[in-house]
Structure formats: C-alpha cells, structure tokens
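*Asks:* To start, I am sharing the structure in question, which I have written as structure tokens.
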Amino acid sequence: MTDPSQDTAGPGGHTAPVEAWDAIAALYDRHVAPGEAELATAALRLAGLSAGEEFLDVAAGPGGLALPAGRLGARVLATDWSPKMIEHFTARAVAEGLDAEGRVMDCHALDLPDDTYDVTGSLFGVMLVADQAQALREMVRVTKPGGRVLLIAYGNPEQFEALHAFISAAQAVVPGFEGPPGAHHCPHRTAALGLDHRRQPDPRHARRRSHRHAARRHHPGARRDGPRAVRR
C-alpha cells in the first residue's frame, strides 16, 4: 500500500494516491454524487446519448455519468482507478438493475479497444488528473468515429469555492491529497469558505460555475467556454 503522506502522484501522474480516493469514496457517493445527477443527465442529453448506445465513463468515481447514462437506457462501462469508487458504483447499478459494469482502470492508459463507444464522458474526473491531455487522447481513441466525447469541468479552479471546500475535506482525511493542478489548497481559504462549521459552501455554486461541453470526436472547432454540442 502506498503511504499517502509520502506519495502524492500515482500511475500516469495522478495528483493524489489511490488511497486518497478510496478514503473519501463512501462520503463522496453519499453526499456529492446525488447532487450532480441532474447536471449529468442534462449533459448526456446534450451529447445526444440514446438508449442502446455504448457509453464509457472515465474517472467515473461512484458513477457520476455512468448511473444517469444507464437510467437513460445506455449500455455502460464505468472506469476509475479507485477500487472503492467502483465498488460504490457497482452496488448502485446492481440495485437499480442497470445494464452497467464497473472496472478499475487508469484513465491515462485505458485497457480498452479503439473505436468502441458511441459516447465517452467524464464528470469532474479527467479534470482532476495531472496529464489531462493524455487522458483526453485515450477518451478519443476508444470512441467510435462520429461518436461524441463529453466533458464536464469546473472553470478556473483557483476561483471555485466548492472545489476548495472539497480539497480541504479530503485533506482532513488524507494529508497528502493535493487536488487538481492549479487548485493547491491555501489555509486562509479554509476559514473564508466556512470550514470552521459556521457555514457551508452552497453546492449550487458548482452548478452555476460548471462548464459543460459535448463535442463530436476530432472536431477542430470545439470550444471550451460553455455548454455546447458541436456536430459535424
């Protein structure tokens, strides 16, 4: 087992060891993921996901996109490098009777064949890894020609209060947890965010400041500045 206090980068350049994600998996599944379901469903519809299509969730956590995709009738594979996150996803998928599978997998080197999925997506997942470009290349590689790659990410991490609250909470469990590049935790932000328990960050801020983007594979004009479905 990796000592998270000593190692803050895992295989493929992750910004925190797998133990950090395992440690927060249960609370993330219980308190964070349900609040993202409405956004995830809207984004999947923006990407044009249809019943019967093959959908891949990359850096899925407990299934932020995978569960809504399954509820829309897609055949789903959720991947994450945290075994505990996949355990929580699998339990929910089985309980709901979804056509879904979970596998432990590094998003920098997906153990999947080329040109397999109609839609490949990531909800606040790929944005949290160090080599985001490599993860995106892998997402494109496994997507069918003419398929869609869906990304949901925050704006500037330094200005996103809910993200800093999440990092602070994670650091209380795993001191070695750093969060995504550009979002290094500053102690003075903890007090400013109300983590002394006098107030809690409003989760609606996350929805207002999130950037949703659905794009056709290989589209050269895909923008990164808001919700948008780009088609050939």
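The values are calculated or read from the model by the stated rules, or taken from the named source; none is laboratory data. This structure is a prediction, so every number in the text was calculated from the model and none was measured. Heads up, the Cβs are rebuilt from the backbone with ideal geometry, glycines too, and the neighbour counts pull from every protein chain shown.
*Asks:* Would you mind stating whether P83 is within 17 Å of I24 (Cα to Cα) and either surrounded by fewer than 17 Cβ atoms within 10 Å (Cβ to Cβ) or in contact with a Leu (Cβ under 7 Å, 6 or more places away or on another chain) (or both)? Lay out the reasoning, then the answer.
*Replies:* Working: within 17 Å of I24 (Cα to Cα): yes; either surrounded by fewer than 17 Cβ atoms within 10 Å (Cβ to Cβ) or in contact with a Leu (Cβ under 7 Å, 6 or more places away or on another chain) (or both): yes.
Here the answer is yes, as P83 does meet what is asked.
*Asks:* Which condition number in (1) modelled with pLDDT under 95; (2) in contact with a Lys or Arg (Cβ under 6 Å, 6 or more places away or on another chain); (3) in the same structural domain as R75 (by TED's automatic domain parsing) is the one that G147 fails?
*Replies:* It is condition (1) that G147 fails.
*Asks:* Being in the same structural domain as D22 (by TED's automatic domain parsing) and either assigned to a loop (DSSP other than H, G, I, E, B) or closer than 17 Å to R148 by Cα (or both), is that true of even one residue in the range 84-93?
*Replies:* Our first condition is that a residue be in the same structural domain as D22 (by TED's automatic domain parsing); within the range 84-93, this holds for 84-93.
Still in the running and either assigned to a loop (DSSP other than H, G, I, E, B) or closer than 17 Å to R148 by Cα (or both): none.
Checking the range 84-93: not a single residue is in the same structural domain as D22 (by TED's automatic domain parsing) and either assigned to a loop (DSSP other than H, G, I, E, B) or closer than 17 Å to R148 by Cα (or both).
*Asks:* Considering the range 54-85 alone, what residues qualify as being out of contact with any Phe, Trp or Tyr (no Cβ under 8 Å at 6 or more places or on another chain) and of a type in the set (S, T, Y)?
*Replies:* Selection gives T79 alone.
*Asks:* Collect the residues in the range 34-69 that are free of Cβ contacts under 8 Å to residues at least 60 places away in the same chain and either outside the structural domain of M139 (by TED's automatic domain parsing) or buried (at least 24 other Cβ atoms within 10 Å of the Cβ) (or both), keeping them in residue-number order.
*Replies:* The answer is P62, G63, A66, L67, P68, A69.
*Asks:* Could you give me the residue pairs with C-beta distances under 6 Å whose first residue belongs to the range 93-118 and is among the hydroxyl-bearing types (S, T, Y), whose second residue is assigned to a strand (DSSP E or B) and surrounded by 20 or more Cβ atoms within 10 Å (Cβ to Cβ) wherever it lies, and which are 6+ apart or on separate chains?
*Replies:* The qualifying pairs are Y117/L56; Y117/T143.
*Asks:* Same structure again: For V94, all conditions in the list (1) more than 23 Å from T143 (Cα to Cα); (2) touching a Gly at 6+ places or on another chain (Cβ under 6 Å); (3) at pLDDT 95 or above; (4) not aromatic (F, W, Y) hold save one; what is the number of the exception?
*Replies:* Here V94 clears every test but (2).
*Asks:* Another question about this same structure. Could you identify the single residue in R103, R137 that is touching a Ser or Thr at 6+ places or on another chain (Cβ under 9 Å) and surrounded by fewer than 18 Cβ atoms within 10 Å (Cβ to Cβ)?
*Replies:* On the way: R137 fails: touching a Ser or Thr at 6+ places or on another chain (Cβ under 9 Å).
Selected residue: R103, the only one of R103, R137 that is touching a Ser or Thr at 6+ places or on another chain (Cβ under 9 Å) and surrounded by fewer than 18 Cβ atoms within 10 Å (Cβ to Cβ).
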